[in-house]
Amino acid sequence: MRKNLIAANWKMYKTPDQTCAFFREFLPMVAGHDRDEVAVFPPFIDLPAAAEAAKGSNVSVGGQDLYWEKEGAFTGEISPAMLLSLGCTHVIIGHSERRQYFGETDDTVNLKLKAALEAGLTPIVCVGEVLEEREAGLTDDVLRRQCVRAFHKLSGKKASKLVIAYEPVWAIGTGKTATPQIAAEAHALIRGEVAKALGDSLATNVRILYGGSVKPENAKALMAEEEIDGALVGGASLDPKSFTAIVKY
């Protein structure tokens, strides 16, 4: 049985003080909840406050991105070791916004994934199609390409911590949600690509999250699908009560 992971991607929201306030309200509401793994991904500036607040709780903390080099003249970047030093256990890689606005490619996703696994972090690798690709019937091709390149020269043995998030980009922040069936079909295709690249055993165990306008109202129906192993939640994770409702779907 794969344990669902419910992940909160805060994007560029909240100051350290607001982060502390969130955890003060959120942690008591999910205390003792062990059916699912829960992780929060705040902006880098909030990580010390989040890690301190979450210490000793059932909630993990992660970074929204990383760079693949250990150190160097890379202004504005953050290394795997830096994330670990702040208490992070997880990291998001290749989010659609990183791809869309900041030049992230399938090849840089591959480099970041290898660096995260090497450091012992749990990476959530994001894949997904934009509206034009879906309407052109290219969803399967896009997902296959993204998976093949992300897993290039990766061994199944080293990838045991891998988590994948399927993000239909057309459903992020638009209020549109892929139906549970559409999401499940995409997840099945992704799982097949994992099997080809990394072996059947890893494919059976890898968790594939759904990320695309997950809300308290649709979380239960999405999580009921056998192929969906949790959620990468954006806007609805910024409010403690809303995120708690999703965690407790």
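Read-outs: derived from the displayed coordinates by stated rules, not from any lab. Owing to the predicted nature of the structure, the values given are computational and were not obtained by experimental measurement. Please note: Cβ atoms are built from the backbone with ideal geometry, for glycine as well, and neighbour counts cover all protein chains shown.
When a/c is below 1.5 the answer is rounded, else prolate if a/b is larger than b/c, else oblate, so apply that to region 109-204 with a ≥ b ≥ c taken from the square roots of the Cα gyration tensor eigenvalues. Intermediate results must be reported in sequence, preceding the final value.
Details: a/c = 2.03, a/b = 1.75, b/c = 1.16.
It comes out prolate by the Cα gyration axes.
Tabulate in residue order the Karplus-calculated ³J(HN,Hα) for region 117-129, using 6.51 cos²θ - 1.76 cosθ + 1.60 with θ = phi - 60°, rounded to whole Hz; enter x for Gly and Pro.
So the Karplus estimates, Gly and Pro as x, are 5, 4, 7, x, 7, 8, x, 9, 8, 9, 9, x, 9 Hz.
Would you pull out the residues with amide H under 5 Å of Val38's amide H, same chain only if 5 or more places away, H placed 1.01 Å from N?
Ile6, Ser60
Distance cut-off 28 Å, Cα to Cα: go down the list Lys11/Lys176; Lys55/Lys153; Lys11/Lys241; Lys114/Lys176; Lys11/Lys153 and report the pairs above it.
Values: Lys11/Lys176 19 Å; Lys55/Lys153 35 Å; Lys11/Lys241 18 Å; Lys114/Lys176 33 Å; Lys11/Lys153 30 Å.
From Lys11/Lys176; Lys55/Lys153; Lys11/Lys241; Lys114/Lys176; Lys11/Lys153, over 28 Å: Lys55/Lys153; Lys114/Lys176; Lys11/Lys153.
Looking at the chain, which longest stretch skips every one of the GluC sites (Glu not before Pro) that is in a DSSP loop with at most 10 other Cβ atoms within 10 Å, leaving the sites themselves out?
In short, 72-225.
Working out 0.36 nm times the residue gap between Lys176 and Ala195, then minus their Cα-Cα distance, what length gain in nm do you get to one decimal?
Numbers: separation 19, 0.36 × 19 = 6.84 nm, distance 2.99 nm.
In short, 3.9 nm is gained.
Once you keep just the Cα pairs under 8 angstrom separated by 6 or more residues, what percentage relative contact order results for the chain? It would help to have the intermediate numbers written out before the result.
Numbers: 495 pairs, mean separation 51.0, N = 249.
Across the chain, relative contact order equals 20 percent.
Report, by chain and number, residues whose modeled amide H sits under 5 Å from the one on Tyr67, excluding near sequence neighbours (fewer than 5 apart, same chain).
Those lying under 5 Å, H to H, from Tyr67 are Ile78, Ser79.
In nanometres, what is the gap between the two model label sites at Ala221 and Arg149, each 7 Å from Cα along Cα-to-Cβ?
Between Ala221 and Arg149, the label points sit 3.3 nm apart.
Please give me the summed charge of the neighbours of Lys158: other residues whose Cβ is under 10 Å from its Cβ, Lys and Arg +1, Asp and Glu -1.
So the surrounding residues net to +2.
Return, ordered by residue number, the residues of region 109-133 whose backbone nitrogen is under 13 Å from a label point located 7 Å along Cα→Cβ of Ala81.
Counting only backbone N, you get 119.
Which distance in nm do the two modelled labels at Asp141 and Tyr101 give, with both placed 7 Å along the Cα-to-Cβ direction?
For the pair Asp141/Tyr101, the computed spacing is 2.9 nm.
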